[in-house]
Structures are given as structure tokens and as C-alpha cells.
Amino acid sequence: MLQDVIDHLACPVCRFGLALAERTVRCPNGHSFDVARQGYVSLLSGPGAAGTADTPEMVAARERFLAAGHYAPLADRVARLAAELTGDARGLVVDAGAGTGYLLARVLDAAGPAATGLALDISKHAIKRAARAHPRIGAVVADVWRPLPVRDGRAALVTNAFAPRNGPEFARVLAPGGALVVVTPGPGHLGGLVEALGLLSVDQEKDRRLAASLSRHFTRISETAEEITLTLDHAAVEAVVRMGPSAHHIDPATLRRRIADLPEPYVAPGSFRITVWRPAR
Ligand SMILES: [Zn+2]
């Protein structure tokens, strides 16, 4: 519910606090934002980078794929880690680039009833679903590349999975003692599918760039690899492609033709890196 997180939100125009009245979110300076029928609010300021937002088709693919449980072992691992990190603090968990809210819902279940979640994503199609992914999620359309619509020092935990990272902003919104958990694809993610379908390959330089982009504001505490086996029918192969960055690069007809040539089910490795960071203060 938006009400659960409203005290932590900041006006995207003037950075003052926000209050919820009826179907409107307002700051003391009169900037106001309508709450959508589905219970989320858009706090985009200025022109949004809608070109990079997930489309309805990408969001639907992601929802189908996640609902089938393919990434459940990864989500459970992250949720357990999140519960350990927040301990008794039980505060606000901000998921920056939350998508449909799948991971955040798991994290809130593991963290216990006193934890609340704020889902941030630039795609309103994704945020619509995040708003109903868990009773303790407040869902906000926001651009993770820009200043986050969150007040200083409010989050016990920031999570960031397969999403853009904004180091200075993640550090700013974390409370003292808070932590950042980042999930990225590992080097062998999806194995032979990458070549067979002409997908964007996982950038070998990515780990180095991740460390470089965060190390000005954070210290890396731990890094773990999570390797799972994905058993995918053709529909699931199409979903895993269409929910990721390659969706913008392959035309649907070509993709379907290539998928039709694959064995079914197709067994592929799911490879992930989970890193934990503390603000360097
Ligand atoms: Zn304002």
C-alpha cells in the first residue's frame, strides 16, 4: 500500500516530504501527483526516458516466466540474505528497478511482518503489477537514473536486480547500518542459448564496471555465485529472451524461428552473482 511508504517519499520537484490525501499525493509546496486506480503513483519529474521502460509485452513475458518458478531458487537465496542483513531493523526495503515486484515480495515475506517495501521502476506496466504483488509494497513509477523520490537515510536495505544502478542515490537513501544487495547475471548465464538465438552476451567487463561504479560510495562485503538449472519449454525460452535486454534487438519472427529449431525442453544454466555492499562513510 502506498500509505505504508508515504512518509519515506520525497517530492521529485522540490524534495520535500509527501502526504497522501484521498487519491492524490502532495508536498507542502503544492506539487501533486494522482494515485492511479491500481494503487501506484508516478513520481517522474521532467521528461521520462520512456524508451528504456519495459513494454507491456516484456512485462507480461517476465510475469509468466517468474510465475512458473524458474527463478525461485535465486529469489529465495536473495530473500534469506536480505532477512539476515536487515535483522531486527525491519525497516524499509527499496527495490530499485523492481519490475513486477516478484523479488521484493519474496524479500518482504522473509524479512517478516514489520518490513515494508518500496518498488521503484520506470515502467508503469511493471509497477501496476508490483502494486498488487504484496500487501506491504508501495509502488512508484520513478527513473532509477535520476534522484530517487525517497527521503535521506530511510532504507534498511536497497535491492537491485538486473537493473540500472545509481550509487550516489542508493547511498543517500540508506539508513545508518543499511546495506545494498545487487544481483547481476554471471558469465555463463543461459549458456548455449546466447549463441543459438543471437542474444546479447553477458559483458565480461561488467563485474569490473559494477565495482568501479559503486566503489566511490560503497565497500563490497561479500560476493556469492548462484548457479541453477533452467528446464525451459519453447514458451519459457521466448519469455526469458523477451523479458531481458535482447528483447529490443531481435525481431519476434526471427526469434520464434530460432526457438522452433531448439530441442524441447531446453536445459540451460542460470548463472547469477549476488554482491552485498555497505555505504563507505
Ligand atoms: Zn514539491
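Taken together, the values in this text are just the output of simple stated rules run on the coordinates, not laboratory data. Note that the structure is a prediction, hence the values are computed from the model and not measured. Neighbour counts run over all protein chains shown; Cβ positions are idealised from the backbone, glycine included.
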For the range 92-150, listing trypsin sites (Lys or Arg not before Pro) in a DSSP loop whose Cβ sees at most 15 other Cβ atoms within 10 Å gives ARG132
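Quick check: net charge around LYS128, other residues with Cβ under 12 Å of its Cβ, Lys/Arg +1 and Asp/Glu -1? Kindly include the intermediate steps, with their values, before the conclusion.
Details: positive: ARG37, LYS124, ARG129, ARG132; negative: ASP54, GLU63, ASP121.
Result for the neighbourhood of LYS128: +1.
Give, as a single signed number, the net charge of other residues whose beta carbon lies under 12 Å from the beta carbon of ALA171, with Lys and Arg counted +1 and Asp and Glu -1. Write out the running numbers ahead of the final one.
Numbers: positive: ARG165, ARG172, ARG216, ARG278, ARG281; negative: ASP152, GLU169.
With Lys, Arg at +1 and Asp, Glu at -1, the net is +3.
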Full extension between LEU200 and ILE6 adds, at 0.36 nm per residue less the Cα distance, a length in nm of 66.0 nm
Taking a crude spin-label model, label points 7 Å out from Cα along the C-beta direction, the ASP152 to ASP76 distance in nm is 4.2 nm
Given unit charges at Cβ for Lys, Arg (+) and Asp, Glu (-), the dipole magnitude of the chain about its Cα centre in debye, nearest 20, is 740 debye
A correct Karplus calculation of ³J(HN,Hα) over the range 135-147, with 6.51 cos²θ - 1.76 cosθ + 1.60, θ = phi - 60°, whole Hz and x for Gly and Pro, returns x, 9, 9, x, 10, 9, 6, 7, 9, 5, 6, 9, x
In whole angstrom, the spacing between the Cα centers of the range 104-157 and the range 245-275 equals 28 Å
Once normalised by the length of the chain, the mean sequence separation of its alpha carbon contacts under 8 Å that are 6 or more apart gives a contact order in percent of 19 percent
Between the Cα axis of helix 56-67 and the main Cα principal axis of the chain, the angle (0 to 90°, nearest 10) is 80 degrees
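What's the FRET efficiency of ASP109 with GLU223 using the Cβ-Cβ distance as r and R₀ = 25 Å, to the nearest 0.05?
Working: r = 25 Å, r/R0 = 0.99.
The pair ASP109/GLU223 has a calculated efficiency of 0.50.
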For the chain, the longest principal axis of the Cα atoms and the Cα long axis of helix 102-111 enclose an angle in degrees, to the nearest 10, of 60 degrees
Measuring from the longest principal axis of the C-alpha atoms of the chain, the long axis of helix 72-86 (C-alpha) lies at a number of degrees, nearest 10, equal to 30 degrees
